[in-house]
Amino acid sequence: MRAPVRCGRWLASALVLVALVSCTSPTVPRHAVALWMYPIFPDAGVSRAFWADVERRFEDAHPDVDLRIELLPWENNNVKVATAFAAGRPPDLVLFRPEQVADYAARGLLQPVDDVLGPVAGELSKSTLDASSHGGRAYLVPLYQLAMTMACNRRVLTSAGFEHPPSTWAEVRVLADRLADRGMYALDYPAGLQVSLNLTFYPLLWQAGGSVYTSDGTRSAVNSPEGVRALEFLVDLYRRGAIAQSAVTQPHDPARGPMGRGQAACSPLTTLAELRQLKRVLGADVVAPAPPLADAERVGFGYPSGLVLTARSGSPDDARKFLRFMLRADVLSELCAKSGFLPTRPSAACARDDPDAQAFAAQLDVLFPGEPRASAPQVAGLVAPHVQAALLGDESPSEALDAAAREVDALLERGGP
Amino acid sequence: MNTTTDRPAVPRRARRTSSAYLFVLPMLTLVVVFRGVPLVVSGYFSLTDTSWDGVGRLVGAANYANLARDPLFWTSLRVTLSYALLAVPLTVGLGLVTALVLHHVVRGAVALRMVFFLPYMTSLVLASVVWHWVYAADGGLVNGLLGRVGVEPVPFLAGTDLTVWSLAAVGAWKGFGYSMLVLLAGLRAIPDEQREAAAVDGARGWSLFRHVTLPGLRPVLVFCVLVETVSSLHVFDLAYVMTGGGPARSSYTLVMNLYERGFRYFDFGYASAIGIVVTVVVATVSLAQWKLSGEGTAR
């Protein structure tokens, strides 16, 4: 009598299982695409929400792709990325800067993305395209633009008789003279070794008409007459007290440095978020955005950042679908609105009614992406201590740059890196 | 009869020995896996030109030859040794003074011990950020106070002359709590009878310290000096956060050089050669201290 009951239970269970299976949607084979993303939003909560939304929208449009976005901290970013490549297990997509593109592409670790960039290439500026390419092929899908401009303190400027921010080296010298006996600095210049020369000395070098490398890239050109003039300008300001004495160990943090304390007239800025933070600290009416300085020419440092497709990607076609999705004007526009970084596509411009964003956008024409060669980080590591030595008076500007050039030439002759 | 009574003694000793090895085994495994193996692998890498793609070919002693010609290596070695020469006596000296004070304090000794040990527990990065402000040439705490009495700002970190001194002072402030605790334990291990006998013989103050306390503390002092020396020769994060190795490489240490070569420029072969040199320097200095102190001689 008990056996039929047991059979009935089995039958009922089997029916439930069949019913459950038939209720689920037909299974679609999904290809995983891994993306390593880093904090580019001022707020971690906004960052998580933005990328979760991107993931959802992309997967809705491409149900066969399993997009896995990993949000990683900036700490040791270089080390972790390099280790992943060295171990042969990089993600499919990762956020890169142009100098990384040059280095990794030269080693065959990235896949060209000309086909992705092609449809929008006409809209991108030449400097953005150059910074995204290596050896004539595009490797970077540029999403946002880092733009180094300036911000000035109107109160300090007014006290020195300046109605507008200084726009040339000559005006900075005049400003320095007028602020000298007030205990104020003309420039907030973060010269610590932790700070990239792209934010400090190199813009002055380019403004003077100089360059880091010779045109063929085989030797250093920092000790050119233009380079010496740039360093002399800087050393002169430092000796006259127009730059804080502690600048030589100062990190780049405008809101917490002399600028944020109301002791400096002008400071370099890298993002719209930094400008907004300064306004919160000093007052919205006090802080004025300003273009990069000019000497022989007006140049500021700025480069596009974006995604690269790694050579070992297991789903390159699906990864390309995601790159195309990220390049859409509506996605870039949202990224701009929430991160404060300018978009690389003018058609994706955001915050058209925000004067600060427009002030940043107005500088795009004078931005220079630097000289993104594989050796750039190591070259900067050799030049920076000599710039500091000149500031401290241990070496004259020409001695410092000659010594730096000798070290750089020796590095380039060795063929490294 | 002897045979029957001696027989169980051998297995017992053997059991004791094997038990001892068993207790040591976990730590030995950790040391071999996390110290020994990386050291051997690093030794191999130092003979190659391995870069970040993990590909390298054997280049013999080329990395070591390049090191010998590299002025940056000698700068970082000089800075590291200077730092160690300043930081070790400062740390152990401060630890000894505070241990002696605490040994004689009757009331509030526990609270004082906690206060003195607090810097050791503090995050080094946090402490570095605070000390960076304390040392700042413009608006820093020390220079602010000096300014009130008419003294010109001192470039603690903003010049090349005082940087290593300033870092060594922070290192000593951060590390003396550990030496203090070890030395305090050492002081308490010295039998009171020795001091009482010396006092009966007329020893007081410095004489008592010189002839009774110091000899009694010698093994503990040697231990503290060795630990601090090893730690000082590895100094990295303090300089990295406070000065970034500057200004003008005046605080550019060996490990910072290794880090930059390995993880900024991805020259793993060269970085491994620096790592091997650091190991040899640490081992040589430690061994020399051990021998000179007399602790390493056979007893």
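Readers should treat all values here as calculations from the given coordinates under stated rules, not as data from a laboratory. Keep in mind that this is a model prediction, so the values were computed, not measured. With ideal geometry, Cβ positions are generated from the backbone for all residues, glycine too; neighbour counts draw on all protein chains shown.
Summary table below
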{"read-out": "For the stretch A:303-417: rounded, prolate or oblate by the Cα gyration tensor [a/c cutoff 1.5]", "value": "oblate"}
{"read-out": "Placed amide H near A:Ala138: partners under 5 Å, 5+ positions off or other chain", "value": "A:Val113, A:Asp114"}
{"read-out": "Shielding of A:385-395 by partner chains, average beta-carbon count, 10 Å", "value": "5"}
{"read-out": "A:Leu367 long-range amide H proximity, modeled H, under 5 Å", "value": "A:Gly300"}
{"read-out": "Separation of alpha-carbon centers, the stretch A:236-257 and the stretch B:162-221, rounded to whole Å", "value": "44 Å"}
{"read-out": "Shielding score for A:246-258, defined as the mean number of other chain Cβ atoms within 10 Å", "value": "5"}
{"read-out": "Net charge, B:Asp201 excluded, C-beta distance under 14 Å - Lys, Arg +1, Asp, Glu -1", "value": "+1"}
{"read-out": "Angle between chain A longest axis and helix A:77-86 axis [Cα atoms, degrees, rounded to 10]", "value": "50 degrees"}
{"read-out": "³J(HN,Hα), Karplus 6.51/-1.76/1.60, whole Hz, each residue of the stretch A:231-243, x for Gly, Pro", "value": "6, 4, 4, 5, 5, 4, 5, 5, 5, 7, x, 7, 10"}
{"read-out": "Karplus 3J(HN,Hα) series, Hz, for the stretch A:39-55 with 6.51 cos²θ - 1.76 cosθ + 1.60 (x for Gly, Pro)", "value": "x, 10, 10, x, 10, 5, x, 4, 4, 4, 5, 4, 6, 5, 5, 4, 4"}
{"read-out": "Sorted by Cβ density within 10 Å, fewest first, the residues B:His103, A:His386, A:His252", "value": "B:His103, A:His252, A:His386"}
{"read-out": "For the stretch A:108-130 and the stretch A:351-396, distance of Cα centres in Å", "value": "23 Å"}
{"read-out": "Order by protection proxy (mean Cβ within 10 Å, highest first), peptides A:403-414, B:178-189, A:219-230", "value": "A:219-230, B:178-189, A:403-414"}
{"read-out": "Shielding by partners - mean other protein chain Cβ count within 10 Å, residues of B:245-255", "value": "6"}
{"read-out": "Per-peptide average of other Cβ atoms within 10 Å, ordering A:33-41, A:302-310 highest first", "value": "A:302-310, A:33-41"}
{"read-out": "GNM top mover of B:Leu77, B:Leu221, B:Leu145 - chain B, alpha-carbon springs below 10 Å", "value": "B:Leu145"}
{"read-out": "Local electrostatic count at B:Thr163 - Lys and Arg +1, Asp and Glu -1, tallied over other residues with Cβ under 14 Å", "value": "0"}
{"read-out": "Positive-end residue, the protein assembly as shown charge dipole about Cα centroid, Cβ charges, pick of A:Leu412, B:Ala99, A:Met150", "value": "B:Ala99"}
{"read-out": "Flagged links, alpha-carbon separation over 28 Å, of A:Lys126/A:Lys279; A:Lys80/A:Lys126; A:Lys126/A:Lys338; A:Lys279/B:Lys174", "value": "A:Lys126/A:Lys279; A:Lys80/A:Lys126; A:Lys279/B:Lys174"}
{"read-out": "J(HN,Hα) series, the stretch B:247-264, from Karplus relation 6.51 cos²θ - 1.76 cosθ + 1.60, nearest Hz, glycine and proline x", "value": "x, 6, 6, 6, 10, 8, 8, 4, 6, 5, 4, 4, 4, 4, 4, x, 10, 10"}
{"read-out": "Surrounding net charge for B:Leu146, when Lys and Arg each add one and Asp and Glu each subtract one, Cβ distance under 13 Å", "value": "-1"}
{"read-out": "Mean Kyte hydropathy of 1.0 or more with a Cα span along the axis of at least 30 Å, helices from DSSP in chain B", "value": "B:71-104, B:163-189, B:268-292"}
{"read-out": "Helix-only CD estimate at 222 nm, as mean residue ellipticity for chain A, using -39500 (n - 2.57) per DSSP H run (n ≥ 4)", "value": "-13500 deg cm²/dmol"}
{"read-out": "Whole-angstrom gap from the stretch B:223-288 to the stretch B:71-145, using each part's C-alpha centre", "value": "19 Å"}
{"read-out": "Degrees, to the nearest 10: A:169-179 long Cα axis against longest axis of chain A", "value": "70 degrees"}
